[in-house]
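Here is the structure we will look at, set down as structure tokens.
The values are calculated or read from the model by the stated rules, or taken from the named source; none is laboratory data. If you're wondering where the values come from, they're calculated on a predicted model, not measured in any experiment. Reconstructed Cβ throughout: ideal geometry from the backbone, glycine too, with neighbour counts over all protein chains shown. We work out accessible area using only protein heavy atoms, side chains counted, and drop any ligands, DNA or RNA first. Shrake-Rupley method; radii C 1.70, N 1.55, O 1.52, S 1.80 Å.
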Amino acid sequence: MKDVEKLFDFIRQSVSPVHGVSHAVSQLEAAGFLPLDFKSPWTLEAGGAYYCRPFDSELFAFRLGNRLNLGKGAHIAGAHIDWPCLRIKPAAQLTRSGYLQANVEVYGGPILSTFFDRPLSIAGKIAVKSEDLFSPRVMEINIPKPAAIIPNLAIHMSRSLPENGAKIDRQMHLLPLLGTISDTLNKDGILLDFIAGYAGVDAEDILDYELCLYNPEAPQCIGIHDEFISAPRLDDLTSACAAIHGLIDSAPDERIAMAVLFDNEEIGSQTKQGADATMLDRILEKIWASFSKSRAQYISDIHGSMILSADVGHGFHPNYPGVYDISTMPVLGRGFVIKTDSNQKYSWDAGACSAIKQLCAAFDIPYQCCVKRSDQAGGGTIGSLISSQLPVPTVDLGVPLLAMHSARELMGASDQEALTRVMERFFSL
């Protein structure tokens, strides 16, 4: 399936949030989308396709309808481009008893045990000295070589491990091994020299970095009929991929169709590049301003819009039936899920959800409903944050997963097609 192939490519390229946005940009540019500078005035045309990258881990891409009527508002789909992982701290190098290690911290809420005994690579960005004091040179870097591993403690040294699992000390037990060192070797700066070598810069010129340890294993179709996908970073690259390619394939008539990728969802979204910022509102107002519309006209027009908050949902796990709602049990491979929550951890209302259900019925797109157990707190998404900043009808949806927040997650292969199709139709109408 072409949608699975596009997802696999998205996963392979998106080894950090900045790499994910750069890959999305490459797909947009190949489809004819034009770049916009956020700091400059915009001159836009009906029927045009554009993108803006205010920050390196955030992206706004949009098509303008061929018969653009700003009074119709916009159809917007938002996803996040980050995932739970381990990130390398500043001054991270450690040398202990002949081993070279790195000091790391936990980003978001990963299933930590799944990062043990697994090859890990390094990716992100580095900041390098420049002549402009307030504009250091920022470079993307990907070290695909499996450079690190976090080995488990042998069972002989923890006899309770099979029954109780390992109690993980986040400071001490997650320090990855990077290699061994000898007493005669110059131990200072080995890690930074290694990173600088891949970047093609001098180690002393590296001022700072944002680097994560990522799982470099390739995505795979598994199951006796290849009905499952096992891959890292499915949360939330499935949604990012569907939003970008759904937008590329769309053909809006009167409305604006927009796909947005945010960073930092896994840590609350309260950053300049997160969904809880005001950037979406600013981008939309700049679009209206390019057609000589006032702020007051924009506020009136945008009220006719709708948002899809695209993020993964919980699929039904047959080995743990007791943790699920007693009447809604989404099964992998039966369509994307529409998520509801009366406490608004997921953004929804009956009218907006019904509109998406009618859309799916009209175009024969499979979907399911997803509700948490009444005695569970559940997670949240960017939906409620976006709709509080831009108060228009919003629906939370996404593909169902098993092993969410694991170093390797599981989904139904056909669900990616369903999600991409609903995005393309949503953008086109």
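Assorted remarks:
- Cβ-Cβ distance of T114 and S182, R₀ of 30 Å, FRET efficiency by 1/(1 + (r/R0)^6): the value works out to about 0.35.
- Candidate residues W288, W348: accessible-area rank, largest first, probe 1.4 Å: W348, W288
- Put simply, the Cα atoms of region 83-131 extend 44, 33, 16 Å along their principal axes, the longest span coming first.
- Among the listed pairs K293/K345; K125/K272; K72/K293; K72/K286; K89/K125, those with a Cα-Cα distance over 23 Å are K293/K345.
- Whole-percent carbon and sulfur share, accessible surface of region 1-160, 1.4 Å: 53 percent
- Projected-area mean, the chain, by convex hull of Cα positions, square nanometres: 23.1 nm²
- Scaling the Cα radius of gyration of region 75-215 by the globular reference 2.2 N^0.38 Å produces a ratio of 1.20.
- Solvent-accessible area of K129, all protein chains in place: 110 Å² (probe radius 1.4 Å, heavy atoms, ligands and nucleic acids excluded).
- Fully extended contour minus Cα-Cα distance, from D205 to A31, at 0.36 nm per residue: 58.9 nm
- Mean separation of Cα contacts under 8 Å (6+ apart) over length of region 337-399, as relative contact order %: 54 percent
- Peptides ranked, highest mean first, by Cβ atoms within 10 Å: ranges 316-325, 101-110, 16-25: 16-25, 101-110, 316-325
- Cross-link partners of K339 among aspartates and glutamates, defined as those whose alpha carbon lies under 14 angstrom from its own and excluding same-chain residues fewer than eight positions apart: D311, D325, D349, D396.
- For region 194-266, the Kirkwood estimate of the hydrodynamic radius, built from every pair of different alpha carbons, is 16.6 Å.
- Ligands, DNA and RNA are left out, and with a 1.4 angstrom probe the accessible area of the chain is 44 Å² per residue.
- Secondary structure note: in the chain, about 70% of the DSSP beta bridges are antiparallel.
- Net charge of neighbours whose Cβ lies under 15 Å from the Cβ of Y107, counting Lys and Arg as +1 and Asp and Glu as -1: -3
- Atom-type composition of the exposed protein surface of region 271-345 places 53 percent of the accessible area on carbon and sulfur (1.4 angstrom probe).
- Highest GNM mean-square fluctuation among K145, K39, K345, for the chain modelled with Cα contacts below 10 Å: K39.
- Most mobile of P391, P136, P119 in a GNM of the chain (Cα contacts under 10 Å): P136
- Look at the alpha carbon pairs under 8 Å that are at least 6 residues apart: their mean separation over the length of the chain gives a relative contact order of 23 percent.
- Inter-label distance, nm, simple model (7 Å from Cα along the C-beta direction), Q358/D193: 6.7 nm
- Two-decimal log10 I(q)/I(0) for region 302-383, as the Debye equation yields it once each C-alpha is a single scatterer, q = 0.24, 0.26 Å⁻¹: -1.33, -1.47
- Per-peptide packing, taken as the mean over residues of other Cβ atoms within 10 Å, places 289-295, 68-74 in the sequence 68-74, 289-295 from highest down.
- Cβ-defined net charge surrounding L332, 10 Å radius [Lys, Arg +1; Asp, Glu -1]: -1
- Rounded to the nearest 20, the Cβ-based charge dipole of the chain about its Cα centre (Lys and Arg +1, Asp and Glu -1) stands at 480 debye.
- Summed over all non-identical Cα pairs, the Kirkwood treatment of region 23-143 gives a radius of 18.7 Å.
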